[in-house]
Amino acid sequence: MEIKEKVIEKILLLVALSSIAVLALITFFIFEQGLPLIWKIGPKAFILGQKWIPSKGLFGIFPMIVSSFLVTLGALSLGIPLGLACTIFLCEWSPPSVGTVLRPAIQLLAAIPSVIYGFWGLVVLVPLVRNYLGGPGLSILSGSVILGFMILPTIISISEDSLKALPPSYKEGALALGATHWQTIWRVLIPAARSGIVASIILGMGRAIGETMAMIMILGNAVKMPTSFLDSARTLTTNIGIEMGYASGAHRQALFATGVILFIIIMLLNSLAIFLSRRRTG
């Protein structure tokens, strides 16, 4: 039995190491292809440059960085409140019959291809934004709304599991001390499940900032500095998705360099979220 357990342990260790190795290879390939161009034109000129004209050798991605942050911020502003509200309802207030319907429906949202979200946004949401709020409709606002719904399954599923994993004594003790049901949820259960909720938000943020296909269809793909949420824009991921098919030479290197910056941004955002979560917990 001990030999069998050791074999299983070694196999699981090998699987874990293989995952790390694949990630390391991907990271090495992206950096190996992208860093030469960044050093060639200068990190400052590449990151803070505002003109992306590959035919003229101009590779400035700052408008796309700003657009990526705005779209992600808009998606989180919609997805976090809706996701937490739905999680609390499913865990604390929904009748069993309602929960058996809502949970599969939420899981179905995660199974819908992103191109379907993009098509729905293009047909339904974009005309609404254009007719009632102004602008071209293909905008950061439209993209934020679509992404907000796309990240809901991630936030809801992980947050619900975190709340359900809490010991029943947390809730029973708070109610016994005279707290109302809502006070128990907001002051006891949510803080106790903070690590899982933050993890769901981090994963949702990664999904939002890394989404490509739906954003290609919704944002309008204008390479310019956005001045409002009603402006068309292009994110880092959509820039890679649109141009990688025909890019070559320095242009292709610039797209890999864009992937390098996107990789670094995601790592920094995740590290910041984890740090803030641990700091508040402590």
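The values are calculated or read from the model by the stated rules, or taken from the named source; none is laboratory data. Nothing here was measured: the structure is a model prediction, and the numbers come from that model. Methodologically, a virtual Cβ is constructed for each residue, glycine included, from the backbone with ideal geometry; neighbour enumeration extends over all protein chains shown.
When Gln50 is tested against (1) in contact (Cβ under 8 Å) with a residue 40 or more places away in the chain; (2) in a helix (DSSP H, G or I), only condition (2) is not met. Set side by side, the residues Phe62, Phe28 differ, and just one is modelled with pLDDT of 90 or more and in contact with a helix residue (DSSP H, G or I) (Cβ under 6 Å, 6 or more places away or on another chain), which is Phe62. The one condition from (1) assigned to a helix (DSSP H, G or I); (2) touching a residue at least 40 places away in the same chain (Cβ under 8 Å); (3) out of contact with any Gly (no Cβ under 7 Å at 6 or more places or on another chain) that Lys224 does not meet is (1). Scan the range 173-190 and give yes if some residue there is crowded, with 16+ Cβ neighbours inside 10 Å, in contact with a Lys or Arg (Cβ under 9 Å, 6 or more places away or on another chain) and on the phi > 0 side of the Ramachandran plot, otherwise no. Among the residues of the range 173-190, not one is crowded, with 16+ Cβ neighbours inside 10 Å, in contact with a Lys or Arg (Cβ under 9 Å, 6 or more places away or on another chain) and on the phi > 0 side of the Ramachandran plot, which makes the answer no. Applying the condition of being touching a Gly at 6+ places or on another chain (Cβ under 7 Å) and closer than 17 Å to Gly206 by Cβ to the range 77-108 and asking which residue is surrounded by the fewest Cβ atoms within 10 Å (Cβ to Cβ) yields Leu78.
Within the range 114-173, the set of residues being out of contact with any strand residue (DSSP E or B) (no Cβ under 8 Å at 6 or more places or on another chain) and of a type in the set (S, T, N, Q) comprises Ser114, Asn131, Ser142, Ser144, Thr154, Ser157, Ser159, Ser162, Ser169. If the requirement is being touching a Ser or Thr at 6+ places or on another chain (Cβ under 6 Å), crowded, with 19+ Cβ neighbours inside 10 Å, polar (S, T, N, Q) and in contact (Cβ under 8 Å) with a residue 12 or more places away in the chain, which of these qualifies: Ser142, Ser68? Testing whether each residue is touching a Ser or Thr at 6+ places or on another chain (Cβ under 6 Å), crowded, with 19+ Cβ neighbours inside 10 Å, polar (S, T, N, Q) and in contact (Cβ under 8 Å) with a residue 12 or more places away in the chain leaves just Ser68.
Residues in the range 228-256 that are part of a loop (DSSP other than H, G, I, E, B) and among the β-branched types (Val, Ile, Thr): Thr235 only.
Evaluate the range 249-259: report whether one residue or more is within 22 Å of Phe119 (Cβ to Cβ), crowded, with 22+ Cβ neighbours inside 10 Å and modelled with pLDDT of 90 or more.
No, there is no match, as no residue in the range 249-259 is within 22 Å of Phe119 (Cβ to Cβ), crowded, with 22+ Cβ neighbours inside 10 Å and modelled with pLDDT of 90 or more.
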